[in-house]
1. Quick one: Debye curve from the C-alpha atoms of the range 80-163, no solvent, what's log10 I(q)/I(0) at q = 0.16 Å⁻¹?
2. Using amide H atoms built 1.01 Å from N in the peptide plane, name the residues 5+ places from A122, or on other chains, whose amide H lies under 5 Å from its own.
3. How would you rank 75-83, 145-153, 106-114, highest first, on the average number of other Cβ atoms within 10 Å across their residues?
4. Assuming 0.36 nm per residue, please report the length gained on full extension of the stretch A142 to D119 beyond their Cα-Cα distance.
Amino acid sequence: MKSPSLLILLLLLLILSTTAFAGASRDRTQFGHDITVRAGEETDELTCFGCSIKIRGQVNGDVTTFGGSILVEEGGKVGGDATAFAGTLRLDAGTSLGGDAAVFGGRLQHDPSATIGGDVTAFRGGIWIALIFGFPFLLLGAFIALIVWLVRKLTHRTVPVTA
């Protein structure tokens with residue numbers, strides 16, 4: 001029979017090792033709170049839900065917002081892609097984006113001196129957001145309505161009419 005102290009020791013070691021790996025990560029994810037990368041600061045991946053990202057330093061990976069804007073200010077650098085859903089992507093003078101720039105349902109603003117290393121994709125207007133997110137829900141609703149109609153049709157009992 002194994003001793004409980006050995007099990008506790010292994011559990012503690014597992015918890016401490018995952019904390020050590022998590023501490024080394026420079027990724028940031030926020031829900032409703034803006035992210036700011038200051039000048040001289042370096043991060044990896046940035047993701048923001050319902051908030052905006054302001055970059056003056058360096059981001060080595062991708063930057064993504066859902067319902068917020070990405071502002072790369074003078075001196076800011078993004079090594080990967082920048083994607084904004086229902087928000088603005090703005091690249092000021094002297095900034096660089098190593099990957100693709102993609103905007104769905106928002107605006108893309110970039111200074112002519114800003115460099116973009118990849119492709120530029122901009123789907124302006126709210127219709128794209130409705131198509132991307134609304135159409136699958138519309139199909140799901142139609143499928144559920146079909147199932148309800150079939151169940152009602154198959155379980156509907158007819159009562160004989162007596163004269």
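Each reported figure results from applying straightforward, stated rules to the coordinates on display, with no laboratory input. Being a predicted model, the structure only gives us computed values, none of them experimental. Heads up, the Cβs are rebuilt from the backbone with ideal geometry, glycines too, and the neighbour counts pull from every protein chain shown.
1. -0.71
2. Those lying under 5 Å, H to H, from A122 are V103.
3. Descending packing order for the listed peptides: 75-83, 106-114, 145-153.
4. Working it through step by step, the gained length comes to 4.7 nm.
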